[in-house]
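The values are calculated or read from the model by the stated rules, or taken from the named source; none is laboratory data. Note that the coordinates shown come from a computational prediction; the quantities given were computed from them, not determined experimentally. Note: ideal-geometry Cβ built from the backbone for every residue, glycine included; neighbour counts use all protein chains shown. We work out accessible area using only protein heavy atoms, side chains counted, and drop any ligands, DNA or RNA first. Shrake-Rupley method; radii C 1.70, N 1.55, O 1.52, S 1.80 Å.
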Amino acid sequence: MGDRVQLKIRRAVPADAGAVLALFDAAIAWFVRIGNTRQWGTEPASGQERWITRVEQWCASSDAWVAEHPTVGVCGALVLGEALEYVPAATEPEVYVRVLIGSRDPRVKGTGRRLLAFAEERAQAAGVGRMRVDCYSGGSGDLVRFYEAAGYERDVTFTVGDGAEAWPGQVLSRRVHVENDLAR
């Protein structure tokens, strides 16, 4: 628990792309070990041009953040922005979690939750009373349960692609306490 207080959250910069790709590589390797190969495939993100380009763009965006630990280094990333094209449009102002990834290193357990709390702080500072996120809903369903445990509720489901390659997704949302929030 003590190591979590040492986390520093800062704006991402293009030079963070390699560290963020390494987080995705580690997650993909873990998914392969547990048999969850449909979420992001089986090949390391750092060896795929589309992943490299995507992560470089994320790290260069104005609302991208990394969590950094003094001995682990970059141990999480968060990108906020507009909902992705496959997600139903917002019906009110929102902060949308486009990307959230955390290290599986036990020294930084809780990084994902800390980044979600940071996103909530950003929403509150902007006077926005709603947050949304989407995630892979296949496999064991653990990812959906992670967001539910963080205070999000299931909103709508969606599917990206067709047939055997279809990717099942879940949009989750959460109310954020904002002074004078008229959306409640």
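Miscellaneous remarks
- Matching residues, the range 71-86, being under 15 Å from the mean Cα position of the chain (by Cα) and either farther than 19 Å from residue 126 by Cβ or hydrophobic (A, V, I, L, M, F, W, C) (or both): 74, 75, 76, 77, 78, 79, 80, 83, 84
- The number of residues in the range 134-156 being out of contact with any Gly (no Cβ under 7 Å at 6 or more places or on another chain) and within 16 Å of residue 88 (Cα to Cα) comes to 4.
- Positions within the range 108-133 being among the β-branched types (Val, Ile, Thr) and more than 21 Å from residue 90 (Cα to Cα), in sequence order: 108, 111
- Condition check for residue 141: surrounded by 16 or more Cβ atoms within 10 Å (Cβ to Cβ) and either more than 30 Å from residue 71 (Cβ to Cβ) or not aliphatic (A, V, I, L, M) (or both): no
- Answer from 178, 144, 171 - the residue that is in a helix (DSSP H, G or I), touching a residue at least 12 places away in the same chain (Cβ under 8 Å) and on the phi < 0 side of the Ramachandran plot: 144
- Of the criteria (1) open to solvent by 70 Å² or more (accessible area, probe 1.4 Å); (2) of a type outside the set (S, T, N, Q); (3) in contact (Cβ under 8 Å) with a residue 12 or more places away in the chain; (4) closer than 25 Å to residue 56 by Cα, which one residue 100 fails: (1)
- Selection within the range 127-141: residues that are in contact with a Ser or Thr (Cβ under 9 Å, 6 or more places away or on another chain) and not in a loop (DSSP other than H, G, I, E, B). The member of this set that is nearest to residue 40 (Cα to Cα) is 133.
- Flag: residue 111 does not match the condition of being open to solvent by 30 Å² or more (accessible area, probe 1.4 Å) and either under 22 Å from residue 25 (Cα atoms) or modelled with pLDDT under 95 (or both).
- Restricting the range 162-184 to residues that are modelled with pLDDT of 85 or more and of a type in the set (Gly, Ala, Ser), the residue that is least open to solvent (accessible area, probe 1.4 Å) is 169.
- Within the range 32-91, considering residues that are hydroxyl-bearing (Ser, Thr, Tyr) and not in a loop (DSSP other than H, G, I, E, B), the one surrounded by the most Cβ atoms within 10 Å (Cβ to Cβ): 46
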